[in-house]
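*Asks:* Mind having a look at this structure? Questions to follow.
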Amino acid sequence: MKILGIVVAVSLIHMIPEDFLPQLYTIGTHYQIGNSVGRTFRRVIQEFYNQSSSLAEVTKFIQTDTGKSYYNGYLETVWKVFPEYVNELTGLTDGAGVSFTEAFSSMITPEMQAVMKVKGAQSCSDVYVADQQIAIGHNEDSPELVVKGRIFMVHATIVDQDDSIVEQFSSLTLPGLLSGSAFSFNGDGKVFTFNSLSPATVEADKIPRYFMNRATLGVKSQKDLEDLLHGLGVGAAYGFNLNYADIRNNSGFLTNYEVSPISGAARNLVTKTIVARQAVPGVDITGHFFHFNMYERTNITQLGMDIVSSQHRKARAQTLPPPVNVLGIRRILGDEGDSQYPLYRTPRPSDAFHTTITGIFVLDDCVLMMYTSNPWTTPRPISTINLPTGVMCRKKH
């Protein structure tokens, strides 16, 4: 088997300059892909693991009887449901020279923080537009400055032992995590962005959120996606929001999914909202839509301390001119008008989070534009990547 790894980056530097986004192109099995990512970004992964306060909390907690029980239950579940992603994570740890325990702990951080009842992630804002243009814009936020300057794009083709293609995807990837937890698209024209959510329910012995997110990159159809979101007969350990578009098949339709675990049930509660230009049967919202780090259309109990920022960001977005195109998305995602909890986030006493990168999927042009500084005040994206073409595209590549 021929394995290819091409990186457009200088991987040995400690910090990646703000005006540069490394991009790794790699082909291989799940283990080999993980290993390629680990080897290429070894330094930044090690630095993240060493400096992450969230990971330090989790690794300390798993030394307790309660923490160890949750850790072992999640690992056993993932081995049963997604053994290929355990292999991928093993490849990453071998390549990066870090322990599997650290890596798996990083992959279950949302669940463990909920179990520990510490303040969880309140990260990411999304703006949908179905008007003059069809687009989804996303601010990728992080609670830790150690992430800044350590993100990268992975363009992966995963093959089996017979060299048959299993998955193809491009994904903004955070150091030490598998791809899929940030904005991404796959070779079948499926587009994904995610928002963290904070349901009061966290379940043991179910599928951790980040592994659910990783699995979205492999879906071939919306039915595949919805089967996954409903829990594959196992259920998710914790909740999340998925913003979704299908360039090849769903002309002009954008879909929002809110996912929540159901206590004691082997399935998830999934709320589906469809956004489009015109009100036709099945469309819930026309023109534009916002989503932040709180359940909007699902009636469940949320952790109040984790939705304050989202309430502020939503209120501020609703005061701005309704977006009709990409310029409107940039205006909202770059807004700093709320001095306590802005949409474009920089650390401050009221809000420790920061926006690491903004991605805008311009679906009728089939491109992804990325900004590593404020998208409203920055005249042009740092990088523009072509998406797979399909019925949504006005122009072909």
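*Asks:* Quick one: count up the residues across segment 200-236 that are within 18 Å of the chain's Cα centre (by Cα), among the aliphatic types (A, V, I, L, M) and farther than 23 Å from Asp306 by Cβ.
*Replies:* Residues in segment 200-236 being within 18 Å of the chain's Cα centre (by Cα), among the aliphatic types (A, V, I, L, M) and farther than 23 Å from Asp306 by Cβ: 5 in total.
*Asks:* Still on this structure: Which of the numbered conditions does Ile158 fail, given that it passes all the others? Conditions: (1) in a strand (DSSP E or B); (2) of a type in the set (A, V, I, L, M); (3) within 23 Å of Lys223 (Cα to Cα); (4) touching a Leu at 6+ places or on another chain (Cβ under 6 Å).
*Replies:* Going through (1) in a strand (DSSP E or B); (2) of a type in the set (A, V, I, L, M); (3) within 23 Å of Lys223 (Cα to Cα); (4) touching a Leu at 6+ places or on another chain (Cβ under 6 Å) one by one, Ile158 breaks only (4).
*Asks:* Which ones in segment 297-314 are of a type outside the set (Lys, Arg) and surrounded by 12 or more Cβ atoms within 10 Å (Cβ to Cβ)?
*Replies:* Once the filter is applied, which keeps residues that are of a type outside the set (Lys, Arg) and surrounded by 12 or more Cβ atoms within 10 Å (Cβ to Cβ), segment 297-314 yields Thr298, Ile300, Gln302, Leu303, Met305, Asp306, Ile307, Val308, Ser309, Ser310, Gln311, His312.
*Asks:* Where the second residue is assigned to a helix (DSSP H, G or I) and among the small types (Gly, Ala, Ser) and the first is surrounded by 21 or more Cβ atoms within 10 Å (Cβ to Cβ) and lies in segment 316-335, which pairs have Cβ atoms under 8 Å and are six or more apart or on separate chains?
*Replies:* Ile332/Ala317
*Asks:* Kindly indicate the residue of segment 162-173 that is assigned to a loop (DSSP other than H, G, I, E, B) and not hydroxyl-bearing (Ser, Thr, Tyr) and also surrounded by the fewest Cβ atoms within 10 Å (Cβ to Cβ) among those meeting that condition.
*Replies:* Among residues in segment 162-173 that are assigned to a loop (DSSP other than H, G, I, E, B) and not hydroxyl-bearing (Ser, Thr, Tyr), the one surrounded by the fewest Cβ atoms within 10 Å (Cβ to Cβ) is Asp162.
*Asks:* Failed condition for Thr193, given (1) surrounded by fewer than 22 Cβ atoms within 10 Å (Cβ to Cβ); (2) farther than 22 Å from Glu57 by Cα; (3) hydroxyl-bearing (Ser, Thr, Tyr), with all others met?
*Replies:* The single condition Thr193 does not satisfy is (1).
*Asks:* Does segment 32-64 hold any residues that are small (Gly, Ala, Ser) and either surrounded by 24 or more Cβ atoms within 10 Å (Cβ to Cβ) or modelled with pLDDT of 95 or more (or both), and which are they?
*Replies:* Those that are small (Gly, Ala, Ser) and either surrounded by 24 or more Cβ atoms within 10 Å (Cβ to Cβ) or modelled with pLDDT of 95 or more (or both): Gly34, Ser36, Gly38.
*Asks:* Show the residue pairs meeting these rules: Cβ distance below 9 Å; 6+ apart or different chains; first residue within segment 173-199 and under 22 Å from Tyr128 (Cβ atoms) and in contact (Cβ under 8 Å) with a residue 24 or more places away in the chain; second residue in a loop (DSSP other than H, G, I, E, B) and basic (Lys, Arg).
*Replies:* Listed by first residue and then by second, the contacts come to Asn186/Lys220; Asp188/Lys220; Asp188/Arg248; Gly189/Arg248; Lys190/Lys220; Lys190/Arg248.
*Asks:* When only residues in segment 181-199 that are in a strand (DSSP E or B) and under 8 Å from the mean Cα position of the chain (by Cα) count, which is farthest from Val159 (Cα to Cα)?
*Replies:* Asn195
This table checks each residue for (1) surrounded by fewer than 22 Cβ atoms within 10 Å (Cβ to Cβ); (2) touching a strand residue (DSSP E or B) at 6+ places or on another chain (Cβ under 7 Å); (3) closer than 15 Å to Tyr257 by Cα.
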residue: Asp141; (1), (2), (3): no, yes, no
residue: Val146; (1), (2), (3): yes, no, no
residue: Asp160; (1), (2), (3): yes, yes, no
residue: Pro175; (1), (2), (3): no, no, no
residue: Lys220; (1), (2), (3): yes, no, no
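*Asks:* Is it the case that some residue within segment 117-126 is among the β-branched types (Val, Ile, Thr), crowded, with 21+ Cβ neighbours inside 10 Å and within 30 Å of Pro349 (Cβ to Cβ)?
*Replies:* Checked against the condition, which is being among the β-branched types (Val, Ile, Thr), crowded, with 21+ Cβ neighbours inside 10 Å and within 30 Å of Pro349 (Cβ to Cβ), segment 117-126 yields no hits at all.
*Asks:* Out of the residues in segment 23-54 meeting the condition of being touching an Asp or Glu at 6+ places or on another chain (Cβ under 7 Å) and not hydroxyl-bearing (Ser, Thr, Tyr), tell me which one is nearest to Val147 (Cα to Cα).
*Replies:* Gly38
*Asks:* Is it the case that some residue within segment 375-390 is modelled with pLDDT of 95 or more, surrounded by fewer than 20 Cβ atoms within 10 Å (Cβ to Cβ) and in contact with a Gly (Cβ under 7 Å, 6 or more places away or on another chain)?
*Replies:* Within segment 375-390 (the criterion being modelled with pLDDT of 95 or more, surrounded by fewer than 20 Cβ atoms within 10 Å (Cβ to Cβ) and in contact with a Gly (Cβ under 7 Å, 6 or more places away or on another chain)), the answer is yes, since at least one residue qualifies.
*Asks:* Take the residues in segment 88-100 that are surrounded by fewer than 18 Cβ atoms within 10 Å (Cβ to Cβ) and not aromatic (Phe, Trp, Tyr); name whichever of them is nearest to Gly218 (Cα to Cα).
*Replies:* Result: Asp94.
The values are calculated or read from the model by the stated rules, or taken from the named source; none is laboratory data. No experiment lies behind these values; they were computed from the predicted model shown. Every residue, glycine among them, receives a Cβ derived from its backbone with ideal geometry; neighbour counts consider all protein chains shown.
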